[in-house]
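The values are calculated or read from the model by the stated rules, or taken from the named source; none is laboratory data. These figures come from a predicted structure and were not determined experimentally. Neighbour counts run over all protein chains shown; Cβ positions are idealised from the backbone, glycine included. Only protein heavy atoms, including side chains, enter the accessible area calculation; ligands, DNA and RNA are left aside. Shrake-Rupley method; radii C 1.70, N 1.55, O 1.52, S 1.80 Å.
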Amino acid sequence: LSETGLLCGSYHFFKASVDPQVQARVFLETIGNKIEDGEMPPALDIEDPSETLTVAQYEDAISVWLNHVEQVTGIKPMIYTGGWYWEQLKTLNNTSRFKDYPLWLSSYTPNYGPMFGGWTAPTIWQYTEKGSVAGISPVDLDYFLGSLVDLWAFARMKPIEAGTTNTSKTKAIQSRLAQLGFYHGKIDGIFGPDTTNAVIAFQGSKG
């Protein structure tokens, strides 16, 4: 979690022509072989237009990467893809082998359905590639299909309480409260009296 309140994560574009064990090792070395609490699960992007494997070979290669990354990090990865790719006979022929992995769906349509690959709904839906946020345009935009509590749990966010622990989540809260004019202290990640009072003031302003 950054001080802006944005959840961060790591991502790998899967190349079907490259040894999946090598890809997994390079990915893990890049992220330091761990996923911190407060980071999104690692994402495997599956949409390589140049792949020439059979469906069975492709499935096995994907499985190698997913299993190796999960074994090292202890975190189940999510899969980024779209039905336009997954359902093709020459790619994965709509396999349901990976339906138990969280799906980050790429679908630039008014609704995310129809679903494919055994998934009933995405965990995250990337609904446009032409979005706009402060300072960036165009940019991909996404929905998380769940509550804020669900999102924090997905990123293994630990609850915070008043105390002296320095956490990125507390920094994000302090930063946002400062932007709103409720907090005037140091952005230090320490949930002390000033932060507590700012939270109470903010809550009071919202009734």
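If I compute solvent accessible area with a 1.4 Å probe over the protein chains, what percent of it on the chain is carbon and sulfur? Working shown, then result.
Working: 6240 of 11400 Å².
Its accessible area is 55 percent carbon and sulfur atoms.
Lysine pairs in the chain with Cα distance under 18 Å, only those 8 or more apart or on different chains: how many are there?
Eligible lysine pairs with Cα atoms under 18 Å apart amount to 9.
Check GLU39: other-chain or 5+ apart residues with amide H under 5 Å from its amide H, H built from backbone geometry?
none
I need the calculated FRET efficiency for the pair SER137 and SER175, taking r as the beta carbon distance and R₀ as 35 Å, to the nearest 0.05.
On the way: r = 23 Å, r/R0 = 0.66.
The value I calculate is 0.95.
Could you run the Karplus curve 6.51 cos²θ - 1.76 cosθ + 1.60 with θ = phi - 60° over region 126-137 and give me ³J(HN,Hα) per residue in whole Hz, x for Gly and Pro?
So the Karplus estimates, Gly and Pro as x, are 7, 9, 7, 10, 10, x, 8, 10, 3, x, 9, 6 Hz.
Quick one: if you stick a label point 7 Å off each Cα along the C-beta vector at THR30 and GLN57, how many nm between them?
Computed distance between label sites THR30 and GLN57 equals 2.4 nm.
For the chain, what does -39500 (n - 2.57) per DSSP helix run (n ≥ 4), summed and divided by total residues, give at 222 nm, in deg cm²/dmol to the nearest 500? Write down the numbers at each step before the final one.
Numbers: 6 runs with 67 residues, N = 207.
-10000 deg cm²/dmol, from helical runs alone.
For region 12-101, run through the chymotrypsin sites (Phe, Trp or Tyr not before Pro) and keep only the ones in DSSP coil with at most 10 other Cβ atoms within 10 Å of their Cβ.
Numbers: sites: PHE13, PHE14, PHE27, TYR58, TRP65, TYR80, TRP84, TYR85, TRP86, PHE98; in loops: PHE14, PHE98.
Hits after loop and neighbour filter: nothing returned.
With just the Cα atoms defining each centre, how far is region 17-46 from region 53-84? Give it in Å.
11 Å
At 0.36 nm per residue, and after removing the present C-alpha to C-alpha distance, how many nm does the segment from LYS76 to ALA201 gain when stretched out fully? Intermediate results must be reported in sequence, preceding the final value.
On the way: separation 125, 0.36 × 125 = 45.00 nm, distance 3.87 nm.
Here the segment from LYS76 to ALA201 would lengthen by 41.1 nm.
Taking the Cβ of PHE144 as the centre, find all other residues whose Cβ is under 15 Å away and add up their charges (Lys, Arg: +1; Asp, Glu: -1).
Numbers: positive: ARG156; negative: GLU39, ASP140, ASP142, ASP150.
Summing Lys/Arg as +1 and Asp/Glu as -1 gives -3.
Expressed as a whole number of Å, what is the distance separating the alpha-carbon centroids of region 152-171 and region 181-203?
Between the Cα centres of region 181-203 and region 152-171 lies a distance of 14 Å.
Just to make sure I understand: if all protein chains stay in place, what is the order of ASP150, ASP45 by accessible area at 1.4 Å, largest first? Intermediate results must be reported in sequence, preceding the final value.
Details: ASP150 80, ASP45 0 Å².
Largest accessible area first, the list is ASP150, ASP45.
Just need the relative contact order of the chain here, percent rounded to a whole number, with Cα pairs under 8 Å and 6+ apart.
Working: 342 pairs, mean separation 36.4, N = 207.
For the chain, the relative contact order is 18 percent.
So how much slack lies between TRP84 and TYR108, counting 0.36 nm per residue of separation and subtracting their Cα-Cα distance, in nm?
Values: separation 24, 0.36 × 24 = 8.64 nm, distance 1.09 nm.
Result for the pair: 7.6 nm of gain on full extension.
Just checking my list [x] 13.5; [y] 12.0; [z] 11.1 against mean projected area of the Cα convex hull in nm² computed from this structure; which label fits?
Computed from these coordinates, mean projected area of the Cα convex hull in nm² corresponds to label [x].
Just to verify a number: FRET efficiency for ARG156 and THR120, C-beta to C-beta distance, R0 = 22 Å, to 0.05?
On the way: r = 23 Å, r/R0 = 1.07.
Efficiency, from the Cβ-Cβ distance: 0.40.
Taking only protein heavy atoms into account and a 1.4 Å probe, give the accessible area per residue of the chain in Å². Intermediate values should be presented prior to the final figure.
Working: 11400 Å² over 207 residues.
Here the per-residue accessible area is 55 Å².
For SER147 and LYS99 in the same chain, what is the full-extension length gain: residue separation times 0.36 nm, less their Cα-Cα distance, in nm?
The SER147-LYS99 span can extend by a further 15.1 nm.
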